[in-house]
1. Condition first: of a type outside the set (Phe, Trp, Tyr), out of contact with any helix residue (DSSP H, G or I) (no Cβ under 9 Å at 6 or more places or on another chain) and in a helix (DSSP H, G or I). Can you find one or more residues in region 152-169 that meet it?
2. On the given criteria, is Gly103 surrounded by fewer than 22 Cβ atoms within 10 Å (Cβ to Cβ), touching a Gly at 6+ places or on another chain (Cβ under 9 Å) and assigned by TED's automatic domain parsing to the domain that holds Leu41?
3. Please go through region 82-110 and pick out each residue that is over 15 Å from Thr60 (Cβ atoms), without any contact (Cβ under 8 Å) to a residue 60 or more places away in the chain and touching a Ser or Thr at 6+ places or on another chain (Cβ under 9 Å).
4. Consider Ala77 against the criteria (1) farther than 27 Å from Ala243 by Cα; (2) surrounded by fewer than 16 Cβ atoms within 10 Å (Cβ to Cβ): it satisfies all of them except one. Which criterion is unmet?
5. Return the residues of region 291-326 that are closer than 18 Å to Leu278 by Cα, touching a residue at least 24 places away in the same chain (Cβ under 8 Å) and small (Gly, Ala, Ser); say none if nothing qualifies.
6. If you take the residues of region 356-374 that are over 17 Å from Gln231 (Cα atoms) and hydrophobic (A, V, I, L, M, F, W, C), which of them is farthest from the chain's Cα centre (by Cα)?
7. Please specify each residue of region 378-390 satisfying the condition of being surrounded by 13 or more Cβ atoms within 10 Å (Cβ to Cβ) and either at pLDDT 95 or above or of a type in the set (Phe, Trp, Tyr) (or both).
Amino acid sequence: MVFSSLTFIVIFLPIFLLVYFVVPQRFLRLRNIALLLFSLLFYAAGEPVWVVLLIFSASTDCLISLFMEKYQGKWQAKALLVLSLCCSLGLLVIFKYSEFLLGLVGIHITFAPVLPIGISFYTFQTMSYSIDVYRGRIKAQRSPVAFLTYVAMFPPLIAGPIIRYADVEKMLTERVTNLSNISAGVSRFVMGLGKKVIFANHAGAVSAELLGASNASTQAVWLGAIMFMFQIYFDFSGYSDMAIGLGKIIGFEFKENFDYPYTCKSITDFWRRWHISLGMFFREYLYIPLGGNRKRAVFNIMFVWMITGLWHGASLNFVMWGLYFGLILLVEKFALRGLLQKIPAFFAHAYCLFIVLFGWLIFYFTDLSQLRASSARFFGVGGFLTDYRTTELLLANIWILPIFAIFCTRKPMQILQAVTARLPVSEAVFNFVVLGISFVLLIGQTFSPFIYFRF
């Protein structure tokens, strides 16, 4: 089940909210139980068998952390942390990376025909919890229901943002809901739905046709890459908007996951704005423990970015994608930082978008032969420079591209906030229009899952 489906919007969500709000606010434990049960049902709608894996992963870390807290400061605590991390990483390796790793040495065995949805996200959440308990930053949760609710709650479960336990610890036992938050949550959810259904799905259809063509021209590769750049932003940030909006409706405040990354003027700034929760996780739990900038900075950056790439998928192109950005960040850190601050903003912005655009091309192709061919076409090597079908698609979308670009900036939100401040009813009108358009498109569109579902 996905947020951008009629089944979720028309059936699952209304029934969940009805059950959730029928329970009085003072009985928060019962609300947690309702949230947990519906979250497990939501997850089971995709692959029922993987619910067992999710519960096992959460229960293991919950139990180990209780003993870890008991032996705080002793060698047993460190041993238990290692056990917890081995369990979480072991599940991730077995179900996500085993086939890839064995394939590198010529062994072809399939452990999981279908990747457990959201495993990269919920294992990172349980790992961050265990590490924070070991460090003494948080107290171990003694309620299995509360902890499993944290891990399994359906808004961020499938594709983030990655929620640290410390950020929602109090909300699990003390949150409140009010009309203001519910209204804000509905608006945020509708905005995310519009990003996905109206923008991302259209951009994805165009990019799939162009990048999926054999012997694509240079024009096709460029237009396809640009459309994919828009698709992945509207798709992933749209999911985050919906998750944050749903959280607000039921009383949770999740941190932002995107901050208009395509408006940046350096790759360093881009990665401070894109998938913020993942960047914070790797910085807090990998980069700094490795030594950060204090020692072996070059190795640390490249290693963290290799792991970042591998986190996105069990394929060599993702490793290449991570190393590509790691190398660019090193160049900026040691050579370009001063230059990017001095040159006109337009040129710095153009440089950033070019680097990101080629990066998304690496990200797109899991087949390395296709990646090599498309990379050559990207730089005008081999094949035709243009073709009739791409020109036709370009002319058909020439008015859409500026709209996509504008909605990657703060301007539309600033305008909407200014209008709603003067005319509050306009927010409801906006939500109604976006929801109506989304419904019409969902009726006519085929199933289109979020890109990050596969991670």
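1. Yes.
2. No, not satisfied.
3. Ser98, Ile109, Thr110
4. (2) is the only condition that Ala77 fails.
5. Gly313, Ala314, Gly326, listed by residue number.
6. Among them, the one singled out is Ala373.
7. Result: Phe378, Phe384.
Yes or no, residue by residue, for (1) buried (at least 17 other Cβ atoms within 10 Å of the Cβ); (2) in contact (Cβ under 8 Å) with a residue 12 or more places away in the chain; (3) within 24 Å of the chain's Cα centre (by Cα):
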residue	(1), (2), (3)
Ile328	yes, yes, yes
Glu332	yes, yes, no
Ala335	no, no, no
Gly338	no, no, no
Phe347	no, no, no
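The values are calculated or read from the model by the stated rules, or taken from the named source; none is laboratory data. Keep in mind the model is a prediction, meaning the values are calculated, not measured. Positions of Cβ are backbone-derived with ideal geometry, glycine not excepted, and every protein chain shown enters the neighbour counts.
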